[in-house]
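Okay, structure first, notes after.
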Amino acid sequence: MKNIAIDTPAGPSHIWVGERLSRLPHYLPSENAIMVTDHRVAELYAPVLPCLPCIRIGRGETIKNLETIERIYRELIALEANRSTFLVGIGGGIVCDVTGFAAATYMRGVPCGYVATTLLAQVDASVGGKTGVNVAGYKNMAGVFRQPRFVICDPMVLKTLPASEISNGMAEIVKHAAIQDARMFAFLEDRAQDARRLNPAVIERLVTDSVVIKARIVNQDEKESGLRRKLNFGHTFGHAIEKISGLPHGAAVSIGMAAAAFIAREKGRLSQKESARLIRLLKRLDLPTTIALEPDALFDAVIKDKKREHDRLNFVLLDGIGKAVVESIALAELRRFTRRMVAAGGSLADET
Ligand SMILES: NC(=O)c1ccc[n+]([C@@H]2O[C@H](COP(=O)([O-])OP(=O)(O)OC[C@H]3O[C@@H](n4cnc5c(N)ncnc54)[C@H](O)[C@@H]3O)[C@@H](O)[C@H]2O)c1
């Protein structure tokens, strides 16, 4: 088991990779804890969940809203929760985001912890202290930065995840390796098959490496002013693709990483060989790298989704495997790249 600590102004936040869900009671105060989970996780893991008052929420992005938060407040009031109550969220990214937001705001803030039960939550959503809910259909419009006291990442609970949920997490794992860690990337290339099969030792190493990378970036840039932008690698095109095609997040981010590699190559930053390594790895992990989309529609979706600075956009590129760089690209140039990219492959470039 590995422990990764994140220093925060409110004290350390500990991420335990390889710990078991069944050992959660060891991390909780002896009294006055309440758990928040969703119906699916409650059903699947009933025998190992601790014996605590439980607030169950629904599933899917549409329940990640202020109505759910108000319902949690009401249940907390009914349970006579006070400022020393400890909230523990057990579930995927939605449960973590919702629990974190409720904990940060109920009675001006109560402590919280998470058991992250999806691969995406283990490598991404539970790390970094961002919480939030959607408002009027816009993602994460209301939220606060709030670090949990602990996060437990149990590799065994991943066995019950459907394939698309594994892909969502796997895309973020590739992203972490690509932006920051050439050795992790090489390990992934070596053990892609084992990663896909959720070999516990391989997953534990990949989750640990991912958490270390994200934690290191967050430690230096908790409020997302500069360095943290690198975590958006693949997400500029990824979010746009997710929105216009309806593909799952991981698949869209995977295509977004292939698109960013294309642009990095066009700009002379990434070699053909390294770009091909990225595409090959994504494919070996069963992640898509191409999609047939109309280039101008894709470009419009990109600039609608991302914060622009006048007629430029900050874009995360690679200077090599394991080395991300943020470059301000003129929108006119980005439009040209998008058209070239689509023309090169009849869709987004696929050149392995
Ligand atoms: N706060 C952040 O920094 C951050 C970062 C990335 C993503 N997010 C957010 O995370 C959310 C997505 O998270 P997610 O991908 O974990 O989705 P999710 O929370 O919706 O979970 C996916 C599905 O898997 C089920 N599930 C959870 N654990 C399971 C298990 N062990 N076995 C079987 N089924 C299980 C859930 O019931 C749910 O239906 C989005 O709302 C996104 O905005 C937040």
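Fewest Cβ neighbours within 10 Å first, please rank Met341, Met141 accordingly.
Working: Met341 20, Met141 13.
With the fewest neighbours first, Met341, Met141 line up as Met141, Met341.
The orientation-averaged projection of the convex hull spanning the C-alpha atoms of the chain amounts to 16.4 square nanometres. The helix-based estimate of mean residue ellipticity at 222 nm for the chain, built from -39,500 (n - 2.57) per DSSP H run of four or more residues and divided by its residue count, is -14000 deg cm²/dmol to the nearest 500.
The residue among His235, Leu298, Ser271 whose Cα reaches farthest toward the positive pole of the charge dipole of the stretch 234-337, with charges on the beta-carbon of Lys, Arg, Asp and Glu, is Ser271. Annotation: the residues Cys112, Cys54, sorted from fewest to most other C-beta atoms within 10 Å of their own C-beta, follow the order Cys54, Cys112. Each of His176, His310 was scored by other Cβ atoms within 10 Å of its Cβ. Arranged with the fewest first, they read His310, His176.
Per the Kirkwood definition applied to all pairs of different Cα atoms, how many angstroms is the hydrodynamic radius of the stretch 216-338?
On the way: mean 1/r = 0.0681 Å⁻¹.
Mean inverse Cα-Cα distance, inverted, gives 14.7 Å.
Directionally averaged projected area (the stretch 134-225, Cα convex hull): 7.5 nm². Taking every DSSP bridge with both residues inside the chain, close to 45 percent are antiparallel. Between the stretch 48-122 and the stretch 177-251, what is the C-alpha centre distance in whole Å? Taking the Cα centre of each part, the stretch 48-122 and the stretch 177-251 sit 25 Å apart. For the chain, the membrane-span-like helices by this rule, meaning whole DSSP H stretches whose C-alpha atoms cover at least 20 Å of axis and whose Kyte-Doolittle mean is -1.0 or above, are 163-180, 200-220, 249-266, 331-345; this says nothing about an actual membrane.
Filter the trypsin sites (Lys or Arg not before Pro) in the stretch 276-347 down to the DSSP loop ones having no more than 10 other Cβ atoms within 10 Å, then list what survives.
Details: sites: Arg277, Arg280, Lys283, Arg284, Lys304, Lys306, Lys307, Arg308, Arg312, Lys323, Arg335, Arg336, Arg339, Arg340; in loops: Lys306, Lys307, Arg308.
Answer in residue order: Lys307.
Every number here is computed from the coordinates shown, using simple stated rules; none is lab data. Computed from a predicted model, the values in this text were never measured in an experiment. Quick reminder, even Gly has a Cβ in these numbers, built from the backbone with ideal geometry, and neighbours come from all protein chains shown.
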